[in-house]
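The values are calculated or read from the model by the stated rules, or taken from the named source; none is laboratory data. These numbers were taken from a predicted model, which means no experiment stands behind them. Don't worry about glycine lacking a Cβ; one is built from the backbone with ideal geometry, like all the others, and counts go over all protein chains shown. These accessible areas exclude ligands, DNA and RNA; they are computed on the full protein's heavy atoms, side chains included. Shrake-Rupley method; radii C 1.70, N 1.55, O 1.52, S 1.80 Å.
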Amino acid sequence: MLSRPVLLYDGNCGFCRAWVSRLARWDRRGAIALVPLQQRGQLSGLPEIPEEALLRAIHLVLPDGTYFWGGNAVPVLLRYLPGGALIRPIFWVPGTSWVTGKVYDWVAARRHRLGCGGDHCQWVPPH
């Protein structure tokens with residue numbers, strides 16, 4: 001079992017690394033383990049998640065093994081971040097989660113042009 005939430009992200013993607021770096025600065029207490037998906041084998045207790053899914057979106061794995069991905073992970077991430085409780089009520093507004101998911105997918109589909117890092121980025125388009 002995990003001792004804290006784990007955020008899996010594409011460590012080969014410059015765009016992803018830049019956003020995770022911002023998240024690390026926000027998470028001053030280190031409440032969330034930030035783990036490149038390429039290093040997930042070094043961490044026991046993670047559920048089996050297909051590589052294709054991991055390359056498509058971030059995955060937040062909670063200590064009980066439940067996981068959320070892409071835009072759906074955002075309100076859950078806020079539970080663990082300083083000040084996140086002030087932002088989470090935005091997700092109570094009908095449609096906010098849907099919009100967040102669409103925006104996440106739009107950005108993920110264009111991360112190559114937004115600073116992914118060229119040949120090392122292994123993005124897989126959403127279905």
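To keep it simple, each residue is scored yes or no on (1) at pLDDT below 95; (2) of a type outside the set (Lys, Arg); (3) closer than 28 Å to Met1 by Cβ; (4) more than 12 Å from the chain's Cα centre (by Cα).
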site	(1), (2), (3), (4)
Ser44	yes, yes, yes, yes
Glu52	yes, yes, yes, yes
Leu78	no, yes, yes, no
Pro82	no, yes, yes, yes
Gly95	no, yes, no, yes
Trp106	yes, yes, no, yes
Ala109	yes, yes, no, yes
His120	yes, yes, no, yes
Pro125	yes, yes, no, yes
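Working only within region 58-75, note down all residues that are without any contact (Cβ under 8 Å) to a residue 60 or more places away in the chain and surrounded by 12 or more Cβ atoms within 10 Å (Cβ to Cβ). Correct list: Ile58, His59, Leu60, Val61, Tyr67, Phe68, Trp69, Gly70, Gly71, Asn72, Val74, Pro75. In region 28-57, the qualifying residues are those that are in a loop (DSSP other than H, G, I, E, B) and either in contact with a Leu (Cβ under 6 Å, 6 or more places away or on another chain) or of a type in the set (Lys, Arg) (or both), and the one that is least open to solvent (accessible area, probe 1.4 Å) is Ile32.
Within region 87-105, residues that are basic (Lys, Arg) and in a helix (DSSP H, G or I) have Cβ atoms under 6 Å from residues that are at pLDDT 95 or above and surrounded by 11 or more Cβ atoms within 10 Å (Cβ to Cβ) in these pairs: Arg88/Pro75; Arg88/Leu78, counting only partners at least 6 apart in sequence or on another chain.
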